[in-house]
1. Quick one: helix 3-42 against the long Cα principal axis of the chain, what's the angle to the nearest 10°, folded into 0 to 90?
2. With axes computed from alpha carbons, what is the tilt in degrees of helix 51-85 against the longest principal axis of the chain, rounded to the nearest 10 within 0 to 90?
3. Taking just the alpha carbons, could you work out the radius of gyration and Dmax for the chain, both in angstroms?
Amino acid sequence: MNGPEVIEIGRDAIWVLLQVSTPVMLVALGVGLVIALLQALTQVQEMTLVFVPKIIAIFISLLLFMPFMAINLGGLMERMAERIAGM
């Protein structure tokens, strides 16, 4: 295996990582933004208020996006297995 192949494998893995993590991160960002806005409007500055809704939203988004994540990660594994078999 030479340098360009290693870089291509790394690039592919990073791209799949971004595709898999983006939906959950966007949900966490949105929930955090909404809660921060509500805290600013109501002047309730409780630090622990953010955690419970964000954890629940992340858990639900993980359940919703799990098929999409599994397809992307399975595709990466198939491509890696083809590379190994092709050596």
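Laboratory data are not the source of any read-out in this text; all were calculated from the coordinates shown. What you are looking at is a predicted structure, and each value in this text was computed from that prediction instead of being measured.
1. Helix 3-42 sits roughly 10 degrees off the main axis of the chain.
2. Computed tilt is about 0 degrees.
3. According to the Cα coordinates of the chain, Rg and Dmax are 18.9, 62 Å.
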